[in-house]
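Down below is the structure, laid out as C-alpha coordinates.
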Amino acid sequence: MIINLILALIVIGIALFLTMLTIRIHKLTRGKRGAHLEEIIKENNELIHSLGKQLRHHEEAIADLKHDALRNIQNIGVIRFNPFKETGGSQSFVVALTDKEQNGVVISSLYARERVNVFAKPIINGNSEYTLSQEERAAIDQSRGN
(Lines give C-alpha, C1' and ligand atoms only; values in the text may rest on other atoms or scores of the structure.)
Protein backbone atom coordinates (compact mmCIF):
# COMPACT_ATOMS: atom_id res chain seq x y z
CA MET A 1 0.00 0.00 0.00
CA ILE A 2 2.78 2.44 0.89
CA ILE A 3 4.60 1.59 -2.31
CA ASN A 4 1.44 2.37 -4.28
CA LEU A 5 1.12 5.70 -2.48
CA ILE A 6 4.77 6.58 -3.17
CA LEU A 7 4.35 5.60 -6.83
CA ALA A 8 1.18 7.70 -7.08
CA LEU A 9 3.03 10.73 -5.66
CA ILE A 10 5.88 10.20 -8.13
CA VAL A 11 3.39 9.97 -11.02
CA ILE A 12 1.64 13.17 -9.84
CA GLY A 13 5.02 14.93 -9.56
CA ILE A 14 6.02 13.84 -13.05
CA ALA A 15 2.62 14.94 -14.39
CA LEU A 16 3.07 18.41 -12.82
CA PHE A 17 6.59 18.65 -14.20
CA LEU A 18 5.38 17.69 -17.69
CA THR A 19 2.52 20.20 -17.47
CA MET A 20 4.91 23.01 -16.48
CA LEU A 21 7.33 21.97 -19.23
CA THR A 22 4.49 21.93 -21.79
CA ILE A 23 3.46 25.45 -20.74
CA ARG A 24 7.06 26.70 -21.07
CA ILE A 25 7.45 25.10 -24.52
CA HIS A 26 4.13 26.62 -25.60
CA LYS A 27 5.27 30.10 -24.46
CA LEU A 28 8.61 29.66 -26.23
CA THR A 29 7.07 28.63 -29.51
CA ARG A 30 4.34 31.27 -29.31
CA GLY A 31 6.75 34.17 -28.76
CA LYS A 32 5.87 37.64 -27.54
CA ARG A 33 3.68 38.49 -30.51
CA GLY A 34 2.16 35.08 -30.87
CA ALA A 35 4.56 34.08 -33.65
CA HIS A 36 5.85 30.55 -33.92
CA LEU A 37 9.46 29.74 -33.15
CA GLU A 38 10.06 28.85 -36.80
CA GLU A 39 8.92 32.33 -37.91
CA ILE A 40 11.15 33.99 -35.31
CA ILE A 41 14.17 31.99 -36.50
CA LYS A 42 13.37 32.89 -40.13
CA GLU A 43 13.11 36.61 -39.25
CA ASN A 44 16.42 36.45 -37.37
CA ASN A 45 18.14 34.76 -40.33
CA GLU A 46 16.84 37.47 -42.68
CA LEU A 47 18.03 40.14 -40.26
CA ILE A 48 21.48 38.54 -40.04
CA HIS A 49 21.68 38.35 -43.84
CA SER A 50 20.67 42.02 -44.12
CA LEU A 51 23.26 43.02 -41.52
CA GLY A 52 25.92 41.06 -43.43
CA LYS A 53 25.11 43.07 -46.58
CA GLN A 54 25.33 46.32 -44.60
CA LEU A 55 28.66 45.25 -43.10
CA ARG A 56 30.12 44.54 -46.55
CA HIS A 57 28.84 47.92 -47.78
CA HIS A 58 30.42 49.70 -44.79
CA GLU A 59 33.71 47.84 -45.28
CA GLU A 60 33.81 48.97 -48.93
CA ALA A 61 33.02 52.56 -47.91
CA ILE A 62 35.79 52.49 -45.28
CA ALA A 63 38.28 51.14 -47.84
CA ASP A 64 37.30 53.94 -50.25
CA LEU A 65 37.72 56.54 -47.50
CA LYS A 66 41.15 55.14 -46.57
CA HIS A 67 42.21 55.31 -50.22
CA ASP A 68 40.93 58.90 -50.54
CA ALA A 69 42.60 59.89 -47.27
CA LEU A 70 46.00 59.00 -48.70
CA ARG A 71 45.54 61.78 -51.26
CA ASN A 72 44.51 64.49 -48.79
CA ILE A 73 47.01 67.05 -47.59
CA GLN A 74 48.39 65.59 -44.40
CA ASN A 75 51.85 67.11 -44.12
CA ILE A 76 52.68 70.79 -43.98
CA GLY A 77 56.08 72.41 -43.74
CA VAL A 78 56.66 76.17 -43.49
CA ILE A 79 60.04 77.89 -43.69
CA ARG A 80 60.51 81.66 -43.42
CA PHE A 81 63.74 83.17 -44.73
CA ASN A 82 65.42 86.31 -46.04
CA PRO A 83 66.74 85.76 -49.58
CA PHE A 84 68.07 89.31 -50.00
CA LYS A 85 70.34 90.83 -47.40
CA GLU A 86 69.28 94.42 -48.18
CA THR A 87 65.68 93.82 -47.05
CA GLY A 88 64.80 93.59 -43.40
CA GLY A 89 63.30 90.50 -41.79
CA SER A 90 62.36 87.09 -43.02
CA GLN A 91 59.33 88.03 -45.08
CA SER A 92 59.85 85.38 -47.76
CA PHE A 93 58.54 81.89 -47.14
CA VAL A 94 58.15 78.40 -48.52
CA VAL A 95 55.16 76.15 -47.83
CA ALA A 96 55.23 72.43 -48.63
CA LEU A 97 51.81 70.72 -48.78
CA THR A 98 51.98 66.95 -49.26
CA ASP A 99 49.82 63.89 -48.83
CA LYS A 100 50.66 60.60 -47.12
CA GLU A 101 52.73 59.48 -50.12
CA GLN A 102 54.67 62.78 -50.23
CA ASN A 103 52.86 64.05 -53.35
CA GLY A 104 51.75 67.66 -53.46
CA VAL A 105 53.15 71.11 -54.07
CA VAL A 106 55.77 73.47 -52.69
CA ILE A 107 54.89 77.17 -52.89
CA SER A 108 57.64 79.76 -52.61
CA SER A 109 57.13 83.47 -52.04
CA LEU A 110 60.14 85.75 -52.49
CA TYR A 111 59.67 89.22 -51.05
CA ALA A 112 61.62 92.20 -52.39
CA ARG A 113 60.94 95.90 -51.80
CA GLU A 114 59.58 96.40 -55.30
CA ARG A 115 57.65 93.14 -55.77
CA VAL A 116 56.69 89.71 -54.51
CA ASN A 117 57.29 86.63 -56.66
CA VAL A 118 55.34 83.44 -56.07
CA PHE A 119 56.40 80.06 -57.48
CA ALA A 120 54.78 76.65 -57.29
CA LYS A 121 56.53 73.35 -57.97
CA PRO A 122 54.83 69.94 -58.03
CA ILE A 123 56.14 67.33 -55.62
CA ILE A 124 56.03 63.62 -56.44
CA ASN A 125 57.30 61.15 -53.85
CA GLY A 126 59.06 63.96 -51.99
CA ASN A 127 60.95 65.25 -55.06
CA SER A 128 60.30 67.65 -57.91
CA GLU A 129 61.26 67.62 -61.56
CA TYR A 130 62.31 71.23 -60.99
CA THR A 131 65.40 72.24 -59.04
CA LEU A 132 64.55 72.81 -55.39
CA SER A 133 66.18 75.51 -53.28
CA GLN A 134 67.56 74.76 -49.82
CA GLU A 135 64.50 76.35 -48.25
CA GLU A 136 62.10 74.34 -50.43
CA ARG A 137 63.95 71.13 -49.56
CA ALA A 138 63.84 72.12 -45.85
CA ALA A 139 60.06 72.73 -46.05
CA ILE A 140 59.53 69.31 -47.66
CA ASP A 141 61.69 67.67 -44.98
CA GLN A 142 59.75 69.53 -42.30
CA SER A 143 56.47 68.30 -43.77
CA ARG A 144 57.77 64.73 -43.46
CA GLY A 145 58.57 65.33 -39.82
CA ASN A 146 62.36 65.17 -40.38
Checking the condition modelled with pLDDT under 90, more than 32 Å from the chain's Cα centre (by Cα) and of a type in the set (S, T, N, Q), which residue from Gln134, Gln91 passes?
Gln91
All conditions in (1) at negative phi; (2) modelled with pLDDT under 95 are true of Gly31 except (1)
Looking only at segment 113-126, decide whether some residue is touching a residue at least 40 places away in the same chain (Cβ under 8 Å), under 30 Å from Asp141 (Cα atoms) and surrounded by 10 or more Cβ atoms within 10 Å (Cβ to Cβ).
no
Can you tell me how many residues within segment 84-110 are buried (at least 16 other Cβ atoms within 10 Å of the Cβ) and more than 29 Å from Asn72 (Cα to Cα)?
0
With the structure loaded, tell me whether Val78 is surrounded by fewer than 17 Cβ atoms within 10 Å (Cβ to Cβ), of a type in the set (A, V, I, L, M, F, W, C), without any contact (Cβ under 8 Å) to a residue 12 or more places away in the chain and within 19 Å of Ala138 (Cβ to Cβ) or whether it fails that test.
no
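Mind checking which residues of segment 127-146 are in contact (Cβ under 8 Å) with a residue 40 or more places away in the chain and either among the charged types (D, E, K, R) or assigned to a helix (DSSP H, G or I) (or both)?
Here is the first cut: in segment 127-146, the residues in contact (Cβ under 8 Å) with a residue 40 or more places away in the chain are 135-136, 138-145.
Scanning segment 127-146 gives Glu135, Glu136, Ala138, Ala139, Ile140, Asp141, Gln142, Ser143, Arg144.
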Checked segment 66-97 for anything closer than 14 Å to Ser133 by Cα and in a loop (DSSP other than H, G, I, E, B); matches are Asn82, Pro83
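The values are calculated or read from the model by the stated rules, or taken from the named source; none is laboratory data. Quantities reported herein were computed from a predicted structural model and do not represent experimental measurements. Reconstructed Cβ throughout: ideal geometry from the backbone, glycine too, with neighbour counts over all protein chains shown.
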